[in-house]
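S.K.: This is the structure I have questions about; it appears just below.
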């Protein structure tokens, strides 16, 4: 079967909870690098629950976003969404991240998925509680619908992606800085590494379930990897770089 790969911190739930709590506290203090380290340690503690792992990836995505590491944040949201397909916060956050890098078409896809999840959750709550009026879920769905209209309009504008944000660099950075940032991002987000926390097998129904997760993770990683490559192609070429800067000014 598929299983989580352990990196030696022990599988006791208390370890995961303690480390994740430390990450939450560091995040509140604005210590985003430390928070990322805490969440990474928690993910290395042989977590066997998809929902718990999804939450940890979602938390780490938030810390990455706060520290300006947008590609890392997108990757973690994708992991969280693959592990928990109904994780509305992760879906919404990835949509926001795609908006930040001006990938409005993908942001629209994320928001459509969010609307579907919110609708399903609202219907489930209505079934389980006769007294529930669904006002909260309805409000969130309406907000998502409005958000979708805005993003779909932005997608029609065909605005270039924010390649600087994708690579985590500044317009004033040198060619050497650009190359270094690209190599770091490409190595970290190569599709073949995307599912390294999972050990693959083909056994039974659970194997099929994990295979689907791995395929989704690999697909999302491939898309991010191509985006990183596109950023480097443009920013590493002086002529294309200059043309890009003129277009986005």
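The values are calculated or read from the model by the stated rules, or taken from the named source; none is laboratory data. Keep in mind that what you see is a predicted model, and the values were worked out from it rather than measured. Cβ coordinates were reconstructed from backbone atoms using ideal geometry, including for glycine residues, and neighbour counts include every protein chain displayed.
S.K.: Considering each of 56, 77 in turn, give the residue that is within 19 Å of the chain's Cα centre (by Cα) and either at pLDDT 95 or above or more than 24 Å from residue 112 (Cα to Cα) (or both).
M.R.: Values: 56 fails: either at pLDDT 95 or above or more than 24 Å from residue 112 (Cα to Cα) (or both).
Just a single option satisfies the conditions, and that option is 77.
S.K.: Looking only at the stretch 70-77, decide whether some residue is out of contact with any helix residue (DSSP H, G or I) (no Cβ under 8 Å at 6 or more places or on another chain) and either in contact (Cβ under 8 Å) with a residue 40 or more places away in the chain or within 25 Å of residue 15 (Cβ to Cβ) (or both). Talk me through it step by step, then tell me what you get.
M.R.: Here is the first cut: in the stretch 70-77, the ones out of contact with any helix residue (DSSP H, G or I) (no Cβ under 8 Å at 6 or more places or on another chain) are none.
No, because not a single residue in the stretch 70-77 is out of contact with any helix residue (DSSP H, G or I) (no Cβ under 8 Å at 6 or more places or on another chain) and either in contact (Cβ under 8 Å) with a residue 40 or more places away in the chain or within 25 Å of residue 15 (Cβ to Cβ) (or both).
S.K.: Among the listed residues 202, 212, 206, 152, which satisfies the condition of being at pLDDT 95 or above and more than 30 Å from residue 238 (Cα to Cα)? Even if it seems obvious, please write down each step before you answer.
M.R.: Details: 202 fails: at pLDDT 95 or above; 212 fails: at pLDDT 95 or above; 206 fails: at pLDDT 95 or above.
Residue meeting the stated conditions: 152.
S.K.: State whether one or more residues within the stretch 112-126 are at pLDDT 95 or above, out of contact with any helix residue (DSSP H, G or I) (no Cβ under 9 Å at 6 or more places or on another chain) and more than 22 Å from residue 232 (Cα to Cα).
M.R.: For the stretch 112-126, residues at pLDDT 95 or above, out of contact with any helix residue (DSSP H, G or I) (no Cβ under 9 Å at 6 or more places or on another chain) and more than 22 Å from residue 232 (Cα to Cα): present.
S.K.: Give me the pairs, please: first residue somewhere in the stretch 213-224 and free of Cβ contacts under 8 Å to residues at least 24 places away in the same chain, second residue anywhere and surrounded by fewer than 18 Cβ atoms within 10 Å (Cβ to Cβ) and part of a helix (DSSP H, G or I), beta-carbon distance under 9 Å, and either six or more positions apart or on two chains.
M.R.: Close Cβ pairs (under 9 Å, with a partner that is surrounded by fewer than 18 Cβ atoms within 10 Å (Cβ to Cβ) and part of a helix (DSSP H, G or I)) amount to 219/191.
S.K.: Within the stretch 89-112, can one find any residue that is without any contact (Cβ under 8 Å) to a residue 40 or more places away in the chain, in a helix (DSSP H, G or I) and over 21 Å from residue 60 (Cβ atoms)?
M.R.: The answer is yes; a qualifying residue exists.
S.K.: Would you confirm whether or not the stretch 40-57 contains a residue that is surrounded by 24 or more Cβ atoms within 10 Å (Cβ to Cβ), closer than 22 Å to residue 106 by Cα and in contact (Cβ under 8 Å) with a residue 40 or more places away in the chain?
M.R.: Among the residues of the stretch 40-57, not one is surrounded by 24 or more Cβ atoms within 10 Å (Cβ to Cβ), closer than 22 Å to residue 106 by Cα and in contact (Cβ under 8 Å) with a residue 40 or more places away in the chain, which makes the answer no.
S.K.: Spot the failing condition for residue 83; the list is (1) modelled with pLDDT of 95 or more; (2) touching a helix residue (DSSP H, G or I) at 6+ places or on another chain (Cβ under 7 Å), and only one is missed.
M.R.: Going through (1) modelled with pLDDT of 95 or more; (2) touching a helix residue (DSSP H, G or I) at 6+ places or on another chain (Cβ under 7 Å) one by one, residue 83 breaks only (1).
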